[in-house]
Amino acid sequence: MTCPNCSFPMNFVNLDKQNVLHCGNCGCSFFTENSINRITADSALKLVSDKKSDDISGGEKICPLDHGPLRPMDESEAIPQDITILQCENCRGVFVYPDDLLAFKKAQAAKVDYYKAWIKPLPALRTVLVISFAALVLGTVVLQSNTFINKFSYQSQASDLITKINFSKSGRYLFVFFKTKSPQKSIIIFTDKTANLTIKKVINTQTSTIHQLTTADVNYYNEIWYQVILVDSKGKEVKTESKKLIISN
């Protein structure tokens, strides 16, 4: 079984009586349905601590067990905006990147503590797939005040919505991957200053928090600059500043 992210072999690791498929190269893990909720934060740290690469591939992710497609889980109160969890459409197992796994376990623990502190009935553990991690860090219960909405809607730029843009290459292909804090349509514009050429690529035609692109049209040996354009569900458009392309590998 190979890692959906880096294609290195994955091995079973037993933690907290759970068999977890783990990649020792990029640190990603695959959990059978609901087992991600049953490991501790310390166990999650053990999974992440041996990673040797921070690369995130831009290709389609395939389930290591049954080869079904892995899709981002729908955002809800249970899944924070800055955490990506992919789920197999067939077996319902979940695939998670190492940094997202740590953030998930911290947020999950904080949510459990919240229910205990307020003496509320604790929801079934499988439903505690985290409230917004940003809200937990800030100690805020309600984020969407009118002031926040106005500031977010009218003052933020595309760079504020993007967590990080990763570029990698393989042969003549350039891979682009990034996440946004809210669902967005996305376009990237490459400016080849060596060849005096502009290349416009549509990444997502539908709003999503996961943005992936594979292209062979960009000569990354030239001096390349890029700009990302995001469009929300209401048609509001924001752009990043133009930046020089730097490839991680």
Checklist entry - How do Ser29, Ser182 line up, fewest other C-beta atoms within 10 Å first? => result Ser182, Ser29
Checklist entry - Of His67, His22, how do they rank once you tally other Cβ atoms within 10 Å and put the fewest first? => result His67, His22
Item to check | Only Lys, Arg (+1) and Asp, Glu (-1) charged, at Cβ; segment 156-244 dipole about Cα centre in debye | outcome: 140 debye
Next on the checklist: Here is the link list: Lys46/Lys185; Lys169/Lys234; Lys51/Lys185; Lys105/Lys181; Lys169/Lys243; Lys52/Lys106. Which ones come out longer than 28 Å on Cα distance?
Outcome noted: Lys46/Lys185; Lys169/Lys234; Lys51/Lys185
Checklist outcome for this item: When Tyr226, Tyr97 are ranked with the fewest other C-beta atoms within 10 Å first, the list becomes Tyr226, Tyr97
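FYI, it's all coordinate maths here, none of it is from the lab. Values in this document were obtained by computation on a predicted structure and should not be read as measured data. Virtual Cβ from ideal backbone geometry, glycine too; neighbours counted across all protein chains shown.
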